[in-house]
Amino acid sequence: MGILETVGHWVISLISATGYFGVFIAMAIESCLIPLPSEVTMPFAGALAASGELNLILVSLAGAFGNLVGSWGAYYIGVKFPESAIIKFLEKWGKFLLISPHEYEKAKSWLSKYGSLVSFFSRLLPGIRTVISLPCGVARINFTKFSILTFLGSLLWSFILAFIGFKLGENWESIKQYFHKLDLFIILAGLTAVGLYIYMHLRRKK
């Protein structure tokens with residue numbers, strides 16, 4: 001059994017035993033730079049909602065609040081430590097966290113381009129969603145704005161995955177092979193949101 005499969009089974013056992021609290025913990029861990037895939041957590045929780053054991057809305061909220069709390073930890077690391085130390089850490093240990101210095105730089109570039117809004121739409125993007133809180137902390141993005149946008153983006157992501165699991169019920173594992181296609185769809189949705197934001201911002205300036 002591979003590491004990811006072992007982790008997946010642990011997540012399933014945690015949620016089965018503790019319900020919403022398990023969803024909250026698993027999503028908080030993922031958002032705090034530890035590779036615990038939400039693509040397992042939320043669809044399984046959604047499947048439990050379909051069976052009547054949990055509630056779909058409460059599952060989504062638990063996931064979003066978990067992501068938010070976890071992101072606070074990563075944000076605080078960005079505030080507390082110099083960027084050079086963070087990059088050195090990622091160069092040495094990032095492979096164990098599935099976060100490379102390149103992904104950090106990519107997240108930093110998005111932050112430079114789109115400002116605090118990246119806290120929202122990055123939650124819908126693979127590779128960036130777990131690392132974005134670091135550069136937000138380094139850049140000292142307004143904490144309240146960061147928290148609100150992070151929660152909203154996490155809520156959307158959590159609901160999408162939970163809803164898929166809810167619709168598939170006991171067959172929720174069958175979506176694993178489609179995760180990359182789902183990521184592509186969400187990337188396009190995120191880029192559309194960014195485009196609309198820029199358009200409205202320029203329109204207000206005019």
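Can you confirm whether segment 14-24 contains a residue that is among the hydroxyl-bearing types (Ser, Thr, Tyr), surrounded by fewer than 18 Cβ atoms within 10 Å (Cβ to Cβ), closer than 23 Å to PHE166 by Cβ and at pLDDT 90 or above? There is at least one residue in segment 14-24 that is among the hydroxyl-bearing types (Ser, Thr, Tyr), surrounded by fewer than 18 Cβ atoms within 10 Å (Cβ to Cβ), closer than 23 Å to PHE166 by Cβ and at pLDDT 90 or above. Among the candidates LYS92, LYS106, LYS80, LYS145, the residue that is more than 13 Å from the chain's Cα centre (by Cα), more than 22 Å from PRO37 (Cβ to Cβ) and modelled with pLDDT under 90 is uniquely LYS92. Of the set (1) in contact (Cβ under 8 Å) with a residue 60 or more places away in the chain; (2) touching a helix residue (DSSP H, G or I) at 6+ places or on another chain (Cβ under 7 Å), all apply to LEU97 but (2). Taken together, the criteria exclude LEU111 from residues that are farther than 22 Å from LEU58 by Cα, of a type outside the set (Gly, Ala, Ser) and within 14 Å of the chain's Cα centre (by Cα).
Taken together, SER84, SER31, SER38 contain a single residue that is surrounded by fewer than 20 Cβ atoms within 10 Å (Cβ to Cβ) and either touching a Cys at 6+ places or on another chain (Cβ under 6 Å) or on the phi < 0 side of the Ramachandran plot (or both), which is SER84.
Scoring TYR104 on the criteria (1) closer than 25 Å to ILE164 by Cα; (2) of a type outside the set (Gly, Ala, Ser); (3) touching a Leu at 6+ places or on another chain (Cβ under 9 Å) leaves a single failure, condition (1). With respect to the conditions (1) at pLDDT below 80; (2) of a type in the set (A, V, I, L, M, F, W, C); (3) more than 22 Å from LEU54 (Cβ to Cβ), TRP172 lacks only one, and its number is (3). Being under 16 Å from the mean Cα position of the chain (by Cα) and at positive phi is a property that LEU98 has. Selection of segment 14-61 for residues being touching a residue at least 40 places away in the same chain (Cβ under 8 Å), farther than 30 Å from LYS95 by Cβ and touching a helix residue (DSSP H, G or I) at 6+ places or on another chain (Cβ under 6 Å) yields TYR20, GLY46, ALA47, ALA49, ALA50, LEU56, VAL59, SER60.
The values are calculated or read from the model by the stated rules, or taken from the named source; none is laboratory data. Only a predicted model underlies this, so the values are computations on that prediction, with no experimental measurement involved. Cβ sites come from the backbone with ideal geometry, for glycine too, and all protein chains shown count toward neighbours.
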